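Here's the structure, in structure tokens; my notes come after.
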Amino acid sequence: MKKQFNRMKQLANQTVGRAERTEVLSEDLLQIERRLDTVRSVCHLAQKRLIACLQGQHGTDPDKRHVSTAVCALYSHPAAPAGAAQPKMLDTCGDAENKLAMELSQHEVQIEREVIDPLCLLTETEIPNIQKQRKQLAKLVLDWDSARGRYNQAHKTSGTNFQVHPSKIESLKEEMDEAGNKVEQCKDLVDILLSVLILSNLDKWTEKPAFGTPLEEHLKRSGREIAVPIEACVMMLLETGMREEGLFRIAAGASKLKKLKAALDCSTSQLDEFYSDPHAVAGALKSYLRELPEPLMTYSLYEEWTQAANIQDQDKKLQELWRICNRLPEHYRVNFRYLIKFLAKLAQNSDVNKMTPSNIAIVLGPNLLWAKNEGSLAEMAAATSVHVVAVIEPIIQHADWFFPGDEDFNVSGAFVAVPTVNSNHLSHTGNDYECGTLERKRPLSMTVMEGDLLKKER
């Protein structure tokens, strides 16, 4: 009774701010704990809906479930009379219905075993156990805070009378230490339960987020050549966004963008609703490029890119940019080529969408290259944007020279086929360097770098 009173008193003091509230769990575990109620509610609802879809009674024997299915009714019909017109056909249909009933019952048993039962275990055992221990931990923390407060108060007010009440001070200290030990034990138990719950389900989840994940890791895990968000966004924009004015420049709705990023993170194929909003798709592509731990044009080549941007002679500048493009790591080079070929195709419609190579470089360039340590985002954008525009614009203008050949954008085959690019990017760029000039200069640059290029081809 006294302990309950002390808890209520401590809780009241914490509520009005007269006492500090001790938090013993780490921030990560607190975040996980806050999601437990949501996870439990969602899993419980999914479990109920799945059970409602079953034709057989949940938990019944497979044989009984088989007999009770609707498709088994024809099989169990009375035998046809000997003189019936089509007894053999009825028997054949009955056998087919019986096999269908067997398949259905086995399917339902498998759903129960692999989906419903694990959901039931999670909602009725694992999460309730964690929440029960968490409530117990909260009570023990209140006891600890209360004991510590009473000990500190007694120690503070005793003053000269400290020697008069040594037993009381010692008793309060022992009570505080005992409460602290109980808190540590219960905290360890909660930590273990939460960690076990996470680890037991983490390996079962095959899909991992794409946003914020290193490019090599994402490609290796997904078995792809082009990153999922890049290919998905490009394919959607090829369908509905090529003539959209201000693409990559006009911001999309925050909620739609967040929803699309979540869908791409799950590698879902249900993207139909986003085709009608190309600005959200363009925003998702920019976000993916910006959130890469290392930019698509890489940290290691940052100095070389910026030095090439400062070259005044345009012919030498193009040769240097071509050399750096070929020095990109393979995964980065393939994805960079894919993106540049798309941007060049987008620029072909600049008379309609107003996105010239220069405009594209301005809005998208800072998401492709930035320095490793440049302070705040604003400082980073200011320091990099001038250089990156001077790099990206000529690469888009001369995309077919930097990356010869047509590009099949539907690399994975998971999207509606789009005709391959057969572009003539130089015809509308307004630049002084005609395609023929660049074609003649390229062999000279290849002669200079013959050794490097041969190694690359091997």
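Within the stretch 31-44, identify whether any single residue is modelled with pLDDT under 70 and either touching a helix residue (DSSP H, G or I) at 6+ places or on another chain (Cβ under 6 Å) or of a type outside the set (Lys, Arg) (or both), and answer yes or no.
no
Restricting to the stretch 279-328, give me the number of residues that are more than 23 Å from Asp265 (Cβ to Cβ), touching a helix residue (DSSP H, G or I) at 6+ places or on another chain (Cβ under 8 Å) and aromatic (Phe, Trp, Tyr).
Qualifying residue count for the region: 2.
Here is a list of conditions, (1) under 30 Å from Met102 (Cα atoms); (2) modelled with pLDDT under 70; (3) loosely packed, with under 13 Cβ neighbours inside 10 Å, and Asp28 meets all of them except one; can you say which number that is?
Result: Asp28 passes all but (1).
Among the helices (runs of 4 or more DSSP H) confined wholly to the stretch 78-164, which include 2 or more residues that are of a type outside the set (Phe, Trp, Tyr) and at pLDDT below 85?
87-111, 127-158
Suppose we filter the stretch 108-157 for residues that are surrounded by fewer than 13 Cβ atoms within 10 Å (Cβ to Cβ) and under 16 Å from Gln47 (Cα atoms); how many remain?
Residues meeting the conditions: 5.
Conditions (1) surrounded by 17 or more Cβ atoms within 10 Å (Cβ to Cβ); (2) touching an Asp or Glu at 6+ places or on another chain (Cβ under 7 Å); (3) not assigned by TED's automatic domain parsing to the domain that holds Ser412, marked per residue:
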position: Met235; (1), (2), (3): yes, no, no
position: Glu245; (1), (2), (3): no, no, no
position: Ala251; (1), (2), (3): no, no, no
position: Lys261; (1), (2), (3): yes, no, no
position: Asp265; (1), (2), (3): yes, no, no
position: Pro278; (1), (2), (3): yes, yes, no
position: Gly283; (1), (2), (3): yes, no, no
position: Leu301; (1), (2), (3): yes, no, no
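Give me the residue from the stretch 313-355 that is basic (Lys, Arg) and assigned to a helix (DSSP H, G or I) and, out of that set, farthest from Asp408 (Cα to Cα).
Ranking the candidates gives Lys316 first.
Considering each residue of the stretch 286-301, count those that are in contact with a Phe, Trp or Tyr (Cβ under 8 Å, 6 or more places away or on another chain) and not in a loop (DSSP other than H, G, I, E, B), and give that number.
4
Could you grab the pairs with beta carbons closer than 8 Å, sequence gap of 6+ or different chains, first residue in the stretch 302-318 and closer than 17 Å to Tyr332 by Cβ, second one surrounded by 12 or more Cβ atoms within 10 Å (Cβ to Cβ) and among the small types (Gly, Ala, Ser)?
Pairs that qualify, where the first residue is closer than 17 Å to Tyr332 by Cβ and the partner is surrounded by 12 or more Cβ atoms within 10 Å (Cβ to Cβ) and among the small types (Gly, Ala, Ser), are Tyr302/Ala371.
Mind listing whichever residues of the stretch 212-233 are assigned to a loop (DSSP other than H, G, I, E, B) and buried (at least 17 other Cβ atoms within 10 Å of the Cβ)?
The answer is Thr213, Arg224, Ile226, Ala227.
Hey, Ile395 hits all of (1) assigned to a helix (DSSP H, G or I); (2) modelled with pLDDT under 95 but one; which does it fall short on?
(2)
Given the conditions (1) assigned by TED's automatic domain parsing to the domain that holds Asp145; (2) at pLDDT below 80; (3) surrounded by 14 or more Cβ atoms within 10 Å (Cβ to Cβ), which single one is not true for Lys187?
(2)
For the stretch 267-276, give me each residue that is in a helix (DSSP H, G or I) and exposed (fewer than 15 other Cβ atoms within 10 Å of the Cβ).
Asp272, Glu273
Just the residues that are free of Cβ contacts under 8 Å to residues at least 60 places away in the same chain and either over 16 Å from Ile230 (Cβ atoms) or out of contact with any helix residue (DSSP H, G or I) (no Cβ under 8 Å at 6 or more places or on another chain) (or both), please, taken from the stretch 258-278.
Lys258, Lys259, Ala262, Asp265, Cys266, Thr268, Gln270, Asp272, Glu273, Tyr275, Ser276, Asp277
The values are calculated or read from the model by the stated rules, or taken from the named source; none is laboratory data. From a predicted model like this one, the values you see are computed outputs, not experimental measurements. A quick note on method: Cβ atoms are made from the backbone with ideal geometry, for glycine too, and the neighbour counts reach across all protein chains shown.
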